[in-house]
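For reference, the structure discussed in these notes is given below.
The values are calculated or read from the model by the stated rules, or taken from the named source; none is laboratory data. The model shown is predicted, which means the values in this text are computed figures rather than measured ones. Glycine also receives a Cβ, built like all others from the backbone with ideal geometry; neighbour counts cover every protein chain displayed. The accessibility values were calculated without ligands, DNA or RNA, using every heavy atom of the protein model including side chains. Shrake-Rupley method; radii C 1.70, N 1.55, O 1.52, S 1.80 Å.
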Amino acid sequence: MHVRRVSTVIASSLLFVAGCSNSGVKAAPAQPAADPSIQISTSHCGEGWAHPAAGSQTLSITNTGTTTADADVIGVPGGAVYGELEGVAPGVTRSLPITLGQGTYAIRCQPEDGALIVGPSVRVAGSAKSGPAAVPVTYNDLYGPTREYQDYVAGGVKTLLARTKTLVAAVDRKDLKAAKKAWLPAHLAYEKLGAAYDTFGDFGDAIDGLPQGLPKGVHDPDFAGFHRVEYGLWHGESAASLRSPADRLLKDVKGLKADLPNEDMEPGDLPLRAHEIMENTLQFELTEKADQGSGTSLATASANLDGTRQAVEVLRPLLKSRYTGLSQMDADLDRVQKLLDAQKHGDSWTSVAGLGTSDRESIDGAVGELLERLAPIASICYPRRTS
Amino acid sequence: MSGYDRRMFLRGALATGIAGSVAGVAAGKAVAETSTTPEAGAPPIPPFHGPHQAGILAPARRRTIVAAFDVMADGRDDLADLLQTLTDRARALTSGGIPEQVGITAPSSDSGILGPDIPGGDLMLTVGVGASLFDDRYGLASRKPSRLTRMPTFPNDDLDPAWCHGDLSLQLEADDDDTLLHALRDIAKHTRGGMQVRWRMNGFSNPPRPTGTQRNLLGFKDGIANPDATKAAEMDRRVWASGKAPEPAWTAGGSYLVVRLIRMLVEFWDRVGLDEQEKMFGRAKDTGAPLDGAHEQDAPQYQNDPEGLVIPLDSHIRRANPRTPQTDDSRILRRGFNYDRGMDSVGNLDVGLIFTCYQQDLQRQFEATQKRLADEPLVDYISPFGGGYFFALPGVQDSSRSFGGFLKV
Ligand code: HEM
């Protein structure tokens, strides 16, 4: 297999497009002569695009209809979207910065609850290169991947429950050494689910909440879940006093499992998950903010990476034709994986505080770059209407 | 007068020199006091392309970020990509314009903090390389600028490793903080996987109070005496690497950069009498004039004061530059900024100087000067804790070249 070299930089346009504010010499504006506003409405969709031109420009779009509407500039044929405006209220004019190359385009109007209307086709001539475009992803496109992801979560929750039982049983029989050993696999089972930013609602806080934000911090009665048990295990708490937080954890994991069939994941959440899991990792694990004594933040990061891979995997069929950065992103996933794996020593992991400067910078940098390449997935796969 | 001298401005951006022209000093005569701080009428920032990087001789702007990076690029090709990207961003950020539009394919390409149309000509950017970049990681040992070493620890130092050294240095200068932050954010976004900030210090230069050279946070005018940046021959002799053996040829047009992060113990300093303060520097606090002169641009006449009765022999300016033929070749081009980073643990202001200077030869110039300053009376009131030695790369000559030229030669 051809292995692509990982580029550690993000390709970008070499230059900003000449604007009107270059110092000294006032350059001629890059904008074509200002067109009167282009209309969006049920009856006049796309009318008024009188002087279509190539290059970087700002289109002026006015909703002349009676309901709020979205507007897209699409390529004809194919329907790739070059630019969009969401929620333009009746009577409102908004600007849409866009870069168009030679080709045929049309305005697509989406009145709030009416059918889509495609305006007249417009020819653009000129040598400028168009900005990047993608064919929209619809709700329909996302149902399959979302179901797949939910199956993955359901499977993971079974593992989570089994491992949590092992942990709680060890606490119950007062074998804290075994409990310490059982804590990490159970916690990682949860972290692999790819929960981030309120994914599991109240269960998320109950199972994986942090003491930050609680009035009494680690001593707050509401501090619960894996990190509460971790705090006790790594701060010399007795088995007797750990029993209640451990039992409570088991109860909440069971609750999550029981509740799962009732929780339909919103398909629009899945593309967000692609970068939010690792945003969470960067914010709480690589800073070691979440750590309550076990020093296993990098293990958590690695489990989060598994969850991220899963989100990317189920979306891959949609991304293949739409996301040009996909292979670089794959290389980034592998790079982060390799860097994290290097910090695993048998069953134990280097703590973030224990990382040398260059290892820490390599991990932070690789995760940061991975995030830059995961973020476009949320934009590309944001569910849009096409009919 | 305050603000830039109109005639000098017309003679070109370099005419005001760095931190005030000192053309008259060598000849021992006073010249008109000119502002060292850009204000209304500040000369335009020189273009990005050129034989030298713009930020070395051009007058300092009001704000700066000085940062060092550790490079994590995977091998030489990746390092070349990194330097190419750094060049691309530098070019885009200095020239301004409308950020790339990405439609629905990605989040906005730009942070937007400078608005939809990024002003051009507001930013100066200087890139350097540290000795560590030439270690065994990238096989660059044979290309190392011959005088580039790791910054040693000097006798009065209290260096914190987290604030020292780095594979790359980057100095951003502009008149506004948002311009600097926009640039740093953009550069970091495009280079996260290839380099990470090792340390970073924000700095500022002050407006003239009331006229002339800006004052540092000890209350003394700082930046008065400097080699004349408008004299090409002088710069060739003191600032620019020649590219002649033992220097690798690629270094021509670059310059050695010393950064010293120096804390000032300002509360202690404020409890010292004025006379003692002035003797420590050898200059008057109000006017900035040498203690044997009347105006800040007057040259001290050490030959008339061999015992140091007026300007003590151990004063800062006399030790830093004894103005003798023997010490002339150790002069440096200083380009300092002030910093303020809050309070320390005993409730004192954590402020000081981002000392930077450029030279052709670290040992002959900076180190010789630093050695003469060892144990000067001022050392009790300051504490160097960070910085590093770097080689500021030659300028990027045109749009076909990059900072990575030295990788290819
Ligand atoms: C916090 C530390 C420092 C402070 C507060 C400081 C302050 C000053 C002041 C007030 C002057 C006189 C005004 C002027 O000519 O600009 C001066 C001059 C000078 N300083 Fe410093 N300085 C510091 C560190 C250094 C260091 C580390 C060096 C170099 C090793 C240095 C080299 C010089 C030189 C070469 C001059 C000009 C002397 C001349 O040509 O007459 N200074 N400094």
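Applying the criterion of at least 1 residues that are touching an Asp or Glu at 6+ places or on another chain (Cβ under 8 Å), of a type in the set (D, E, K, R) and open to solvent by 60 Å² or more (accessible area, probe 1.4 Å) to the helices (runs of 4 or more DSSP H) found wholly in region A:162-276 leaves A:176-191, A:239-259. Cβ-Cβ contacts under 8 Å between residues 6 or more apart (or on different chains), taken from a first residue in region B:371-383 that is aromatic (F, W, Y) to a second residue that is within 8 Å of the ligand (Cβ to nearest atom), are listed as B:Y381/B:L218; B:Y381/B:M264. I'm checking my understanding of the structure. Among residues of region B:360-378 that are more than 10 Å from the ligand (Cβ to nearest atom) and outside any helix (DSSP H, G or I), which one is most open to solvent (accessible area, probe 1.4 Å)? Per the stated criteria, the residue is B:D375. Among what's in region B:319-335 and is farther than 18 Å from B:P300 by Cα and within 10 Å of the ligand (Cβ to nearest atom), pick the residue that is least open to solvent (accessible area, probe 1.4 Å). Here the answer is B:L333. Among the conditions (1) without any contact (Cβ under 8 Å) to a residue 60 or more places away in the chain; (2) within 23 Å of A:V157 (Cβ to Cβ), the only one that A:G268 does not satisfy is (1).
Among the candidates A:L96, A:L116, the residue that is buried (at least 20 other Cβ atoms within 10 Å of the Cβ), assigned by TED's automatic domain parsing to the domain that holds A:A54 and among the aliphatic types (A, V, I, L, M) is uniquely A:L96. The set of residues in region B:204-227 that are touching a Ser or Thr at 6+ places or on another chain (Cβ under 6 Å) and more than 16 Å from B:F337 (Cβ to Cβ) contains only B:T211.
For every residue, the table says whether it meets (1) assigned to a helix (DSSP H, G or I); (2) within 14 Å of chain A (Cβ to nearest Cβ); (3) within 12 Å of the ligand (Cβ to nearest atom).
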| site | (1), (2), (3) |
| --- | --- |
| B:Q277 | yes, no, yes |
| B:A299 | no, no, yes |
| B:I317 | yes, no, yes |
| B:D340 | no, no, no |
| B:L353 | no, no, yes |
| B:T356 | no, no, yes |
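Residue selection: B:L125 satisfies the criterion of being of a type in the set (A, V, I, L, M), more than 8 Å from chain A (Cβ to nearest Cβ), in a strand (DSSP E or B) and under 19 Å from the mean Cα position of the chain (by Cα). Among the numbered conditions (1) of a type in the set (D, E, K, R); (2) touching a Ser or Thr at 6+ places or on another chain (Cβ under 7 Å); (3) more than 14 Å from the ligand (Cβ to nearest atom), the only one that B:R271 does not meet is (2). The residue that is nearest to the other protein chains (Cβ to nearest Cβ), counting only those in region B:88-101 that are more than 20 Å from the chain's Cα centre (by Cα) and polar (S, T, N, Q), is B:Q101.
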